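Throughout, read-outs are computed from the coordinates displayed, never taken from laboratory work. Keep in mind that this is a model prediction, so the values were computed, not measured. Counting neighbours? That spans all protein chains shown, and the Cβs are built from the backbone with ideal geometry, glycine included.
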Amino acid sequence: MNKSLTRSIGFWLLLVVSLATTAVGAWLISGQIGTMTTTLLDGTATGVEVYVGQSLVVVGAGVLAAGIIGILLTLGLVAARSLVPAPAPAVVEAIDWTAEPAESPVVAAETAPVTEAEPVVVDAEPVDLAAAPVEKDAAVEKDADETAPSVTR
């Protein structure tokens, strides 16, 4: 699970939110300080512009600080990621689909053709086992008769 930092949604979300927070904090600070400065120099400043303006500057400073910390975290992630070595890519040989595969001994043994049974030599006379008559054992016949279902009409 080695994901590139530039393809991480969390990384980009941190960067975008940090930049937006920094911009909003700077806008709050500059707007309130500009208003306070203008009204104080004109002599038209009211208590709302002075006292509320100071509180908004403090809030804007906190928002600006949070955005700057987010940007520093983003830069720290980039630096930390550059220190981690990337794994070497695995070298894979190209498959030659035109070449015939070499048979392994296991596959060759499993696919060997079946040959006809050779006759067995008993007392120097060849006996063909496939043609030899099969004799039934009397005990086997008795068991077969007992287990066979009887049909009555």
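Its Cα gyration tensor gives the range 8-83 an equivalent ellipsoid; the semi-axes, largest first and in whole Å, are 36, 9, 8. Extending 7 Å from the Cα toward the beta-carbon at both TRP27 and THR39 defines two label points whose distance is 2.1 nm. I'd like the FRET efficiency for VAL50 and ILE71, computed as 1/(1 + (r/R0)^6) with the beta carbon distance as r and R0 of 30 Å, rounded to 0.05. For R0 = 30 Å, the calculated efficiency reads 0.40.
Among 84-94, 37-47, how do they line up from the highest to the lowest mean number of other beta-carbon atoms within 10 Å? List each step's numbers first, then the result.
Details: 84-94: 6.3, 37-47: 10.8.
Descending packing order for the listed peptides: 37-47, 84-94.
Given Cα pairs under 8 Å that are at least 6 residues apart, what percent is the relative contact order of the range 8-83? Once normalised by length, the contact order is 50 percent. Residue separation of ARG81 and LEU19 scaled by 0.36 nm, minus their Cα-Cα distance, works out to 20.3 nm of gained length. Model label points for ALA90 and SER8, set 7 angstrom from Cα along the Cα-to-Cβ axis, are 2.4 nm apart.
In sequence order, the range 73-85 has phi-based couplings of 5, 4, 5, x, 5, 5, 5, 5, 5, 6, 7, 7, x Hz under the Karplus curve 6.51 cos²θ - 1.76 cosθ + 1.60, θ = phi - 60°, and Gly or Pro positions carry x. Report note on the peptides 69-75, 7-13: ranked by the mean count of other C-beta atoms within 10 Å, highest first, their order is 69-75, 7-13.
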